[in-house]
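Readers should treat all values here as calculations from the given coordinates under stated rules, not as data from a laboratory. Only a predicted model underlies this, so the values are computations on that prediction, with no experimental measurement involved. Here the Cβ positions follow ideal geometry from the backbone for every residue, glycine too, while neighbour counts run over all protein chains shown.
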Amino acid sequence: MTTSPHRLPETPETSELLDMRGSSAAQRALDYYLKEDMSPSPSDDTFFRVKPDISHEEALVHASDLLRSAAATAYESANSHQGNQRDLAFSVVYLIDMAKAMVEQSLQAPKAQASV
């Protein structure tokens with residue numbers, strides 16, 4: 001058995017350890033790793049979150065944009081299929097277009113009420 005040519009680090013003196021106790025960085029590290037009453041990290045596996053302060057109109061505009069993108073994707077998929085697969089893809093396009101029309105109608109409603 002051979003010994004390592006590198007010297008092991010020396011143990012810090014007691015006074016050095018006591019000095020580190022007052023360090024804010026050391027305190028944050030201890031708080032992070034040792035405190036049990038810290039708020040637990042969210043265990044929610046949600047991939048997408050909506051901003052909590054988003055307005056209804058802004059949310060509807062984003063929903064309309066998402067539906068437009070979904071319709072384009074479904075339409076392209078329908079064009080590359082035949083038979084029942086094509087019919088199913090076009091039915092998805094139709095459903096998305098109906099949902100988009102409802103979202104756009106709800107966006108128009110506040111403007112119509114404001115002009116009355």
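Ranking Leu60, Leu107, Leu34 by Cβ neighbours within 10 Å, fewest first, what do you get?
Leu34, Leu107, Leu60
Would you mind giving the average projected area, over all directions, of the Cα convex hull of region 55-96 in nm² with one decimal?
Average of the hull's projected areas for region 55-96 equals 2.6 nm².
In sequence order, what are the phi-derived ³J(HN,Hα) couplings for region 71-86 according to the Karplus relation 6.51 cos²θ - 1.76 cosθ + 1.60 with θ = phi - 60°, rounded to whole Hz, with x for glycine and proline?
5, 5, 5, 5, 5, 4, 5, 4, 5, 9, 10, 9, x, 4, 4, 5
So how far apart, in nm, are the two label points at Ala26 and Arg49 if each is 7 Å from Cα heading toward Cβ?
3.4
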